[in-house]
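Report on one structure; see the data block that follows.
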Amino acid sequence: MAGSRALAVRGLSVSFGDVRAVSSVDLDVAEGSVTAVLGPSGCGKSTLLRAIAGLERPSAGTISYDGRDLARTPTHRRGFALMFQDGQLFPHSDVAANVAYPLRLRRRNAADVKVRVAELLELVGLAGFGKRMPQTLSGGERQRVALARSLAVEPRLLLLDEPLSALDRGLRERLAGDLHDILRQAGTTTLLVTHDHDEAFTIADRMVVMRAGEAVQAGDLGEVWQHPADAWAARFLGYADVLDGPPALALRAVVDPDATWTQIALRRSALVVDPGGPLAATIISARVTPEQVRVELDVEGLGIRSGVADPAYSTRAGDLVRVAVRADRLAALPGAQK
């Protein structure tokens, strides 16, 4: 369970010459929690992580851990572990030696090291892999070894920089779920940087959304998902459509005539083909997935294109259908009230 605040970042900025990569970012990571920093490539999230690790010098702001300012604390004395996307295993050492490396640096005795390595390999699902060489492992297995090595000395804070981005999509999805479980079992306070919102939602408890060097939104996963900060954040988080102006007002009249919003984000499943629905639509195209039929619609000129349908209903291109709106699949955007 997450406890008191461990990491506190206040007004942090990092500049490279005239270019400001991180701008006045505030960030809290509670003890025992997993927080994701989510944003597109080039938004400054990895620079933020490196500054927290002590690898980049802030141009402004503070970084503290357990209330102690880290400005004068070098990287190797912060008690943090940093894991990169490629794992950076030693190719000429076997798995056990890779995991044991940080323990040997700290002069742990051989018997304790052996026990700890076995525990860690069990934790990451690689029991019995100690004698394997890195080049004989799959990409996912190598990342598990890198994770075990990062956890070896029980870091105060684990920093993960795009740890799954080098893997193919299917493997990323499987390993993300495993990583969620491993981090909870280890109880390690973790800060994860990723550009993949599915990965962030799978692994983390809390999320910070970054754009152009700034933190535009932060909160628990449900809070961030249900209340995106703006249209950009909604689209980045995976909402299918954002409506404003007359289309948004027309939808509002159907959903909640007493509401005041003028801009609304819709999940793909917000519109459902339903014979009793209040809106008329024309099917433009339909695609069957294992879970549902995804349809592209023309809904009364509202500019809404995405929806879903039960396979029992006719969803051929050109069909005229009725559409229902699921209010729990909508998110009114702030700053767009009237």
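The values are calculated or read from the model by the stated rules, or taken from the named source; none is laboratory data. Only a predicted model underlies this, so the values are computations on that prediction, with no experimental measurement involved. Using ideal geometry, Cβ is built from the backbone for each residue, glycine included, and neighbour counts are taken over all protein chains shown.
Listed here are the residues, each with its yes/no results for (1) outside the structural domain of residue 140 (by TED's automatic domain parsing); (2) modelled with pLDDT of 95 or more; (3) crowded, with 20+ Cβ neighbours inside 10 Å; (4) under 30 Å from residue 135 (Cα atoms).
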residue	(1), (2), (3), (4)
35	no, yes, yes, no
52	no, yes, yes, no
60	no, yes, no, no
76	no, no, no, yes
89	no, no, yes, yes
Is at least one residue of region 75-82 outside any strand (DSSP E or B) and in contact (Cβ under 8 Å) with a residue 24 or more places away in the chain? yes
What are the residues in region 121-152 that are part of a helix (DSSP H, G or I) and either free of Cβ contacts under 8 Å to residues at least 12 places away in the same chain or not assigned by TED's automatic domain parsing to the domain that holds residue 179 (or both), if any? 122, 136
Quick check, is residue 24 over 23 Å from residue 176 (Cα atoms), assigned to a strand (DSSP E or B) and in the same structural domain as residue 215 (by TED's automatic domain parsing)? yes
State all residues of region 60-74 that are of a type outside the set (Val, Ile, Thr) and assigned to a loop (DSSP other than H, G, I, E, B); if no residue qualifies, say none. 66, 67, 70, 71, 72, 74
The residue from 118, 96 that alone is out of contact with any helix residue (DSSP H, G or I) (no Cβ under 6 Å at 6 or more places or on another chain), surrounded by 14 or more Cβ atoms within 10 Å (Cβ to Cβ), part of a helix (DSSP H, G or I) and of a type in the set (A, V, I, L, M, F, W, C) is 118
Listed residues 7, 89, 49, 103; which is assigned to a helix (DSSP H, G or I) and either touching a Phe, Trp or Tyr at 6+ places or on another chain (Cβ under 9 Å) or closer than 30 Å to residue 197 by Cα (or both)? 49
The one condition residue 158 fails out of (1) of a type outside the set (Gly, Ala, Ser); (2) at negative phi; (3) free of Cβ contacts under 8 Å to residues at least 40 places away in the same chain is (3)
Tally, over region 288-301, of residues that are over 14 Å from residue 270 (Cα atoms) and not in a strand (DSSP E or B): 5
